[in-house]
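A short reminder: the numbers here are calculations on the coordinates, not readings from a lab. These figures come from a predicted structure and were not determined experimentally. Cβ: placed from backbone, ideal geometry, glycine included. Neighbour counts: every protein chain shown.
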Amino acid sequence: MADTTNDNDIGSAMYELAGELFPICRSLTGYGVRSTLKRISLDLPGLRICEVPSGTSAFDWVVPPEWNIRDAYVLDPDGKKIIDFHVCNLHVVGYSVPVDTVLSLEELMPRLHSLPDQPDAIPYLTSYYKEDWGFCLSENQRSSLSPGQYRVRIDSTLENGHLTYGELLIPGESEEEIFVSTYVCHPSMANNELSGPVVTTYLAKWLLGLEKRRYSYRIVFIPETIGSIVYLSSNFEVMKERVVAGFNVTCVGDDRAYSFLPSRNGGTLADRVALHVLGHGVKEFVRYSYLDRGSDERQYCSPHVDLPVVSVMRSKYHVYPEYHTSKDDMSLISPAGLSGAYRVLRLCIECLERNEILDVLTKCEPQMGRRGLYPALSTKESTSTMAAMMDILAYADGTKDLIDLANIISRPMWTLLELINELKKHGLLKATCIERET
Amino acid sequence: MADTTNDNDIGSAMYELAGELFPICRSLTGYGVRSTLKRISLDLPGLRICEVPSGTSAFDWVVPPEWNIRDAYVLDPDGKKIIDFHVCNLHVVGYSVPVDTVLSLEELMPRLHSLPDQPDAIPYLTSYYKEDWGFCLSENQRSSLSPGQYRVRIDSTLENGHLTYGELLIPGESEEEIFVSTYVCHPSMANNELSGPVVTTYLAKWLLGLEKRRYSYRIVFIPETIGSIVYLSSNFEVMKERVVAGFNVTCVGDDRAYSFLPSRNGGTLADRVALHVLGHGVKEFVRYSYLDRGSDERQYCSPHVDLPVVSVMRSKYHVYPEYHTSKDDMSLISPAGLSGAYRVLRLCIECLERNEILDVLTKCEPQMGRRGLYPALSTKESTSTMAAMMDILAYADGTKDLIDLANIISRPMWTLLELINELKKHGLLKATCIERET
Amino acid sequence: MADTTNDNDIGSAMYELAGELFPICRSLTGYGVRSTLKRISLDLPGLRICEVPSGTSAFDWVVPPEWNIRDAYVLDPDGKKIIDFHVCNLHVVGYSVPVDTVLSLEELMPRLHSLPDQPDAIPYLTSYYKEDWGFCLSENQRSSLSPGQYRVRIDSTLENGHLTYGELLIPGESEEEIFVSTYVCHPSMANNELSGPVVTTYLAKWLLGLEKRRYSYRIVFIPETIGSIVYLSSNFEVMKERVVAGFNVTCVGDDRAYSFLPSRNGGTLADRVALHVLGHGVKEFVRYSYLDRGSDERQYCSPHVDLPVVSVMRSKYHVYPEYHTSKDDMSLISPAGLSGAYRVLRLCIECLERNEILDVLTKCEPQMGRRGLYPALSTKESTSTMAAMMDILAYADGTKDLIDLANIISRPMWTLLELINELKKHGLLKATCIERET
C-alpha cells in the first residue's frame, strides 16, 4: 500500500503538466477551460467534456454568458504598452466587457486595481455577475503613472455560450462512490489553482491503473462555485445516494504545510479518514474549522446537500501571502509539494478502499500458538506486531471499523493491513459489513 | 434591540424605588409585604395581589401564621433605648413572638446575635418555623453591654392570617410563557433583596410597553421558599406545560460582578440564552454550579418540578461580605448596578423573543450578487457583515436556533437580527418552528 | 461500613497465608494448584474444587496435558549442582518435558534463560503449548559457567490429567452476582501472584461472615488464561445474565501504588464503583487504559463476552521491576500492602451492596424543620452534613444512583449512608429500583 518509490517521478510529471497549463487564461467559461480540459484528457482519455448552455438554471443560480478574450492592453500617453494581457493574464479583471477608448489618468484610475500592501504583486480580480471592466497591476506601476491620455483596449466577448466541465466516472465493485472535485477556472496561478487539477489528474490515472477498485469514483474538473452548483443541480440525488466520502482538491502544490478543512458538521467517513491519514502520515498539519471554508465545500456541504466532503490541502487559500496574486506562480509550487499532496490523498483513498468493520470469530482470545501466530515461549518481550495483533483482536467487536481500531491503538491503518489479512486467513477475524455514512 | 439610551434614567428610577421600599419591614408574611406590593402596583397596575390563608398546605409545607410587628426595643439598666426596631428592623429576629419582660444581662445574652468576624454589622436572622424571639446587634455593641437588668419588648403578633404575593400575567401571541420570579420577604437590605423586586418591576414595565410580545409572561413577587412552594403548588401543571424559560431575579443591584447560576441539569433554553448574553454582553462573569444554589431555584428546579429557571445576578448571595447584614444597604447598590442587571435580563428576554430555528430555502449558496447582497467585484476583502451573512446561510440547516448559530459564529445574537431579516426578506431564510424545551 | 479496626490483623493473616503458599510450585495444572486450593479451602470450607480433563475444548482452546514436576537440576563439569529446582522453582521453564542427558556448555546455552538487564534475578518463563524444556538462572550465574559437560535432569511428567480450579458461590438476596476472579498458576512469586489468592480468600471469608448480602457472589481461583477461558466456556450464559460487576484480583500485595485498569469499553458499574472508591478512598492511584491489559480481563472483557470486570491493583504487572522474576518474593509484599488492597476491594463491594437509584418523595424541598432535620434558627452557618442532606434531596431525581450522587457532590459514598437512612426514615427519599448494567 502506498508504494511511493516513484513519487519523485510523479511529482516531476505533475509539475510539468502544471507548467504546460499555466499560461492558459482560464475563467468560469470559455476556451481557456476547454483547452485545459482537452490537455487533461490526453492523460485521462475517458474524461467526458460537458457543455451547459448559458441561461441554464441551477438551484438559485443561472449559468452566465460565456466569456472569451483575445487581447487587452493599456497604452500610456507616449503610446507605450504599459499593461499587456499577453504578458500576464491577471492584468485584466475576469469577465471584463469589451472596451476601446481613451481616458485621462484621472478617469482611468478607478478602473485600476492594485495591492498597496504588496506593491510588486498583481492582484487577481473578477466581476462574473456584474458587467464591468478593469485592469490589475502592481502598486509600484500604478504609482508611477503620469498624467495624460491613456488608450485602453479589451478585446473580449461576453455572449451566450456554454459553461464547460469535465467528468470522469470510474466504475468499481460497488455502486458506492468516492467523489473528487477540483476546479479549472483560475488564470495563471499555480497553487490556487493548477495544483488541484494536476494532482487530481494523477490520482485518476492511478485509479484507472488499479486492477480492481472496491468503490466507484466520480471525478470532476469544474469552474468553482457555479460549476459545483451546476453539477450538483443535475447529480445531487444520485450523489446523495452513492457518495460515501469526497475530497475537494485545492491548494495542493506548495511545500510549506499540510492543512485540513472538515465537512460542515464533521465526523463523516471523509473527515475520519483524512484526519487519520494526516495524523499518522505527515509530521504536522493545520486543522481548520468549517468557518474557514472558501472553496467548493461551500456547495457540497451546504445545508440539505451535506455531502461528506473535506479538503486536504498544502497551504490553504486565503492564508498564504501569494494567494490570488501574480506571486502564486510556478516557483511557489514544486514537484515535492505536489507529490506530498498526491501521496496523502492517495493514502486516504487506499484507506477507504480497505476500510471495513471487523469482528472476531471466537469468544475470548484465540489460541495464537497452535496457529504459529504466537511465540510458544512466553518471555517478557513481545514484539510490536504481536501487540498490534492482540489489540485488534481485543477491540474488533463488530462496531468499529479499521479506522477506529487504528485510532484506538494509535497506529497507522496501513501498517495493520497485513496482519489483518493474516488474522482473517486463520479464521480469527471477519469483515461484517461495509460502512455506509448516512 | 436593547436600545439603552435611557439606561441611566432607568437606573436612577430603580434606585429611587429601592430607596422608597428600603425602610419597610418585610417578612414572609404581613403588612410589610402588602405595602411593598401596593407600592409596586403603582408602577404595575395589573399586579394581582393574592392572599393565601395560614394553614394552607403546599406540597410538604403549610403556610405559617402571619407575623406583624409594630415596635421592639431593649432598654439598658439606665433605661436608655440601646436597641430600637425603628432605627434598624434587622435588630429583631424575624418572626419573633411578642415579649415584654425584664432580664439580667446573663439571661439576655443567649437572645442576642452578632457576628464576631464583622464587629460593626448587624446580622439578619429569622425563626419562621420555630416560635422564638431574639435581637440582632453588632458585636461591638454587644461587647459593650454592662451587667444589670434589661427591659425587653417586642410588640409583634403571630396569628392566623395570610401569605401575600403579587402575580402579573402579561399575554403574548403564544401561550408559551417566560417566567420571572423575585422575592419580597427581606427587611431593610438592598442587594438581597430589594434589587430583585425593583429590577423585575422595570422589566415588567418595559414588557407592558411593548407593542407585541411573542411569549406570554408570568411574573411573581413572592416571599422566598414558602412563597415559591405555595405558588408552584397551585400553578405547577400549567407552568410545566407553558414555561419555556425562567429567571429567578435576585442580587441584581451592586456593581462588582455579574454571576450565573444554572438550572439543575443545565442546558435548558434559559441556560443557553443567559450564557449567550453574559458571554457576549458583559466583560466577564462568574459561573456558579447548581451546587451553589440558595434561592428559589431550589424549588423551581427541584426533582420532578424541573422548570427551566436560571439566575442571572450581580454579586451572588452567600458570596459578598455584606450579605445578610445591615451592611447590605442602599450604599451597596447603585443605579449603574441595577441598570446593568436590567440590561442583561432584558437582553435575555429580547433574545428569547427573537430566537427561532432557521433554515435556508435553497440548496447551495444563494447568488447574493443579483439580490444586491454581495459586492459584484470580488476582492480579497469582504466585510464582516457579509461574512456573518454567509456563515448564517452556511449553518442554518433547520436544526439550529439563532442562539446556536450565534454561538457557532461567535457573534452576539443581537448583532445578527438585522441581517437575518434581510435574508428572510430576500427569500433565502425562514424560521421553521418555535423552539420548545421538553 | 468499612470498619477497619482489624485491618492490621487481617494484613498479617493474609501475609502469613501467602508465606505458607509461597514454596508450592504452581503451574497451569498439577498438584501445585491442587495443594494451593486445598490450603485455601481450610479458610473457605465451601470451596468446590473442580477438575476438567485434558483435551476438553473451551472456545478456541483445548485443556492441555497435566504437568507435574518432582525434581530438576544441572550439574556442572565438576558434578556440582549449580541449578536446583528445590532451591527456587523458577529455575525450570514451566511445562518443561522430562530430560535426562549430558550436554556441552555450548549445547546447554540455548536452553538457559537470564535477564542481562537484571543480572541477579532469575526470570519466570513457561512453555505451555509447545513441548520444550529449559532452565532459568541469573545472568551473573550464567556468565560464570565454564566450558565442559553438564548433566541435566528434569524429572517431570506431561500427561493426560486435569485442569484444576476452585469455585465458591455465596448466595445473596438477589440472583444478581458480583464476580471475583484470581489466579493460582504462578510458582514462587508473591505480588504476581499470591497476593490475589490470599486477598480473595479474605474477601470471601468476610462475605461469608455477613449477616445478609444483597448480591450473590461468584468467586473463582483458576489458572490464568486457560482457566478463565475454561470457566467462561461453561458459565458464560449464566454469568452474562447475572453478573452486575466483577473484579479481577491480581497484584494486590505491595505497598508502592494503587492502580486501576478499566473494562474494555469502560463505564460499567464495576468501573464506576472502583473509580469512586479509589478517587475518594486512597491518596492517589494510577489509571491505566484497557490497552495496558494483561490478565484475565483479556477474556472477561473480550468482544461478545464483555462482562463488567475491572482490576483494582497495587503495583501493576509488567510495570514494576521485579515482575516475573525471583525478586517478586515475600519481601516485596507486606501486611500493609495486602490490607490496603483488601480494604479498597471490600469498600467497592460495600458500595455495590448499598448502591441504589434514589428518588425524592415530594416536589420542592421538604420542610426539614418540622422533622427536626433543620436548625429552626437560620444562620449564615450550615453544617456540612446538612449541606450534604440538602444536596442529596436536590439531585435524587430517580435517574441517579448513589455513586452518581456522591460523585456530583464530591463526597465518599460511604459518608452518605447514614443521612440517606435518615431521609428514608422521614419519608423523604426512596430507592426506586436496583441498577442493572445492560
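Taking the fewest neighbouring Cβ atoms within 10 Å as the starting point, the ordered list for B:M109, A:M368 is B:M109, A:M368. Each label was represented as a point 7 Å from its Cα along the Cα-to-Cβ direction; for C:K205 and A:L169 these points are 7.8 nm apart. Ordering A:S104, C:P262, A:S315 by the projection of their Cα atoms onto the charge dipole of the protein assembly as shown, which places +1 on the Cβ of Lys and Arg and -1 on the Cβ of Asp and Glu, puts C:P262 at the extreme positive end.
Mind pulling the angle between the C-alpha long axis of helix A:335-354 and the longest principal axis of chain A? Nearest 10 degrees, somewhere in 0 to 90. That helix lies at roughly 40 degrees to the long axis.
When both bridge partners sit in the protein assembly as shown, DSSP labels roughly 70% of those beta bridges antiparallel. With respect to chain C, whose longest principal axis is taken over its alpha-carbon atoms, helix C:384-395 is tilted by about 90°. In segment B:119-243, the DSSP beta bridges split such that about 40 percent are antiparallel, to the nearest 5. In loop segments of segment A:1-108 as defined by DSSP, the trypsin sites (Lys or Arg not before Pro) with at most 15 further C-beta atoms inside 10 Å of their C-beta are A:K80.
Under 1.5 on a/c is rounded, so check that first for segment A:180-320, then, if it is not, pick prolate when a/b is larger than b/c and oblate when it is not; a ≥ b ≥ c are the square roots of the alpha carbon gyration tensor eigenvalues.
Rounded shape, in that the Cα axes give a/c under 1.5.
Taking chain C as a Gaussian network of alpha-carbon nodes connected by springs under 10 Å, the highest mean-square fluctuation of the residues C:M389, C:M14, C:M239 belongs to C:M389.
For a test of the definition: using alpha carbon positions, the gyration tensor, and the 1.5 limit on a/c, classify segment B:323-377 as rounded, prolate or oblate. The partial results should precede the final answer.
Numbers: a/c = 6.60, a/b = 3.32, b/c = 1.99.
It comes out prolate by the Cα gyration axes.
Centre-to-centre, using Cα atoms only, segment B:241-266 and segment A:147-172 are separated by 60 Å. Rounded to the nearest 20, the size of the Cβ-charge dipole of the protein assembly as shown about its Cα centre is 600 debye, with Lys and Arg at +1 and Asp and Glu at -1. With its label point put 7 Å out from Cα toward Cβ, C:E159 sits 10.5, 10.5 nm from the same residue's point in the other copies, in order from shortest. The residue list C:L345, C:Q118, B:I122 was ranked by how far each Cα lies along the charge dipole of the protein assembly as shown toward its positive end, using unit charges on Cβ atoms, and C:L345 comes out on top.
One residue of chain A places its C-beta nearer than any other to the axis carrying A onto B; that residue and its whole-Å distance are A:G267, 12. Of the GluC sites (Glu not before Pro) in segment C:232-308, the ones in a loop by DSSP (not H, G, I, E or B) with at most 11 other beta carbons within 10 Å are C:E284.
Using only side-chain charges placed at the Cβ, +1 for Lys and Arg and -1 for Asp and Glu, the dipole size of segment C:200-312 relative to its Cα centre rounds to 320 debye. Computed from Cα atoms, the angle from the helix C:195-209 axis to the main principal axis of chain C rounds to 40 degrees.
Considering the dipole of chain A built from charges on the beta carbon (Lys and Arg +1, Asp and Glu -1) around the Cα centre, which of A:G427, A:L90, A:I24 is farthest to its positive end? Most positive-ward Cα: A:G427. Checking the a/c ratio against 1.5 first, then a/b against b/c, what shape does the Cα gyration tensor give for chain C? Prolate, because a/c is 1.5 or more and a/b exceeds b/c.
What you get for chain C, charging only the Cβ of Lys and Arg (+1) and of Asp and Glu (-1), is a dipole of about 980 debye around the Cα centre. Largest mean-square fluctuation among B:P171, B:P303, B:P23, in a Gaussian network model of chain B whose springs join Cα atoms under 10 Å apart, belongs to B:P303.
Just the number, please: percent antiparallel of the DSSP beta bridges in segment B:72-183, rounded to the nearest 5. Of the beta bridges lying entirely in segment B:72-183, close to 80 percent run antiparallel. Measuring between their Cα centroids, segment B:96-142 and segment C:25-104 lie 81 Å from each other. When you filter the trypsin sites (Lys or Arg not before Pro) in segment A:183-280 for DSSP loop state and at most 14 other Cβ atoms inside 10 Å of their Cβ, you are left with A:K212, A:R256.
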